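The values are calculated or read from the model by the stated rules, or taken from the named source; none is laboratory data. Please read all numbers here as calculations on a predicted model, not as lab measurements. For neighbour counting, all protein chains shown are included, and Cβ atoms are generated from backbone atoms with ideal geometry for every residue, glycine included. These accessible areas exclude ligands, DNA and RNA; they are computed on the full protein's heavy atoms, side chains included. Shrake-Rupley method; radii C 1.70, N 1.55, O 1.52, S 1.80 Å.
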Number of protein chains: 2
Amino acid sequence: MALFLSTFVNKVDKKGRVSVPASFRTALVGQTFSGVVALPSLTVPAVEGSGIDRFERLAEGTDQLNPFSEAHDDFAKAIFGRSHQLPFDSEGRIVLPEALIAHAKLGETAAFVGQGRTFQIWEPEAYRAYEREATERARRERGAFLQRREEPRS
Amino acid sequence: MALFLSTFVNKVDKKGRVSVPASFRTALVGQTFSGVVALPSLTVPAVEGSGIDRFERLAEGTDQLNPFSEAHDDFAKAIFGRSHQLPFDSEGRIVLPEALIAHAKLGETAAFVGQGRTFQIWEPEAYRAYEREATERARRERGAFLQRREEPRS
DNA sequence: TGACACTTTATGGGCGTCAATGGAAAGTCT
DNA sequence: AGACTTTCCATTGACGCCCATAAAGTGTCA
């Protein structure tokens, strides 16, 4: 089980600690770093989260010499420079740095939203609004998706 | 054999538990997650269900750590975030989250409706109405279809 | 073929464990 | 020492796990 699914709303205490949903934690076991890697999303007011394995793979990509290497360089700066390693405490919580809390405008609670291979952390109310919009778009594009889904596996 | 066929109506107890029909369970054996993945349908008042394999395939197509790949779907976001992993208990039941019960307006009973590679969970009465309507529509369209076929002869 | 034993499902309920949360204690860094 | 951070216990409420029962299906054998 290596997928982040569903949405969980947990509390942020006055120390900035949040419980990472248990199912997310189990999706991260066996990694070289026991915790999550988090960075402010470049596109939405949320925190992007994943295991460190993702970044290890990403690092390999930046080492390559290719036509996009310059873009990769900017990319690496934007990604690695702004990312945080957040270790689990013994109860499976992480502490969110001030920079991330500010970026996502987090208050008393935080919504962990599964996105498959990664997840995001949202202010719950902001996510509800965003989800409504995203769902509406998905509904419109539904035809294309369903076709893809029903493709016979080769 | 991995198809969901036929319709079964089972009870929802006061804990929100429902037995997944045995034939549906056997269609799910051997998956990496022992249970079903469920999400509210985008189009009808029902719960969409499937095995996790479907979502694993979906995740492969959406790698969204790279912000330059603008191509990621709203859809994947809407799908992963709104989905729920519902593990089987030792008797083959799942517990339906409040959000799904509300979406499908489930009461004391739930109808599991096979759809081939997936299935749906309906409030039984709502499904009967929907089915009547669907077969009626199919009948009308079949009529039109047959007419079209006959046209070249005339 | 009909009766009986056995297996599989569906359903209900009780109870122990763990996840989520809060707070205290211990350790660090000026 | 004071402020802040990390580690360690304490509580509670939900959920997973187990057992018990009933209904339904399957098979066997006289």
*A:Gly116 is checked against (1) open to solvent by 40 Å² or more (accessible area, probe 1.4 Å); (2) within 14 Å of chain B (Cβ to nearest Cβ) and fails just one. What number does that condition carry?*
(1)
*Contacts under 8 angstrom Cβ, first residue in the stretch B:109-122 being within 16 Å of DNA strand D (Cβ to nearest atom), partner open to solvent by 10 Å² or more (accessible area, probe 1.4 Å), 6 or more apart*: B:Thr109/B:Val9; B:Thr109/B:Asn10; B:Thr109/B:Lys11; B:Thr109/B:Val12; B:Thr109/B:Glu123; B:Thr109/B:Pro124
*asked:* As an exercise: evaluate A:Tyr127 against (1) surrounded by fewer than 23 Cβ atoms within 10 Å (Cβ to Cβ); (2) at pLDDT 95 or above and give the number of the one condition it does not meet.
replied: (1)
_Anything in the stretch A:45-73 that is at pLDDT 70 or above and part of a helix (DSSP H, G or I)? List them, or say none._
A:Ile52, A:Asp53, A:Arg54, A:Phe55, A:Glu56, A:Arg57, A:Leu58, A:Ala59, A:Glu60
_Hits in the stretch A:9-44 - residues which are assigned to a strand (DSSP E or B) and closer than 15 Å to A:Ile94 by Cα_ = A:Val9, A:Asn10, A:Lys11, A:Val12, A:Arg17, A:Val18, A:Ser19, A:Gly35, A:Val36, A:Val37, A:Ala38, A:Leu39
*Can you pull out the residues in the stretch A:1-57 that are within 15 Å of DNA strand C (Cβ to nearest atom), open to solvent by 50 Å² or more (accessible area, probe 1.4 Å), hydrophobic (A, V, I, L, M, F, W, C) and under 23 Å from B:Leu58 (Cα atoms)?*
A:Met1, A:Phe8, A:Ala22, A:Val29
_Please determine whether any residue of the stretch A:100-110 is open to solvent by less than 50 Å² (accessible area, probe 1.4 Å) and either facing chain B (nearest Cβ under 9 Å) or in contact with a helix residue (DSSP H, G or I) (Cβ under 7 Å, 6 or more places away or on another chain) (or both)._
yes
*Residues of the stretch B:77-98 that turn out to be open to solvent by less than 30 Å² (accessible area, probe 1.4 Å) and either acidic (Asp, Glu) or within 13 Å of DNA strand C (Cβ to nearest atom) (or both), as a count*: 3
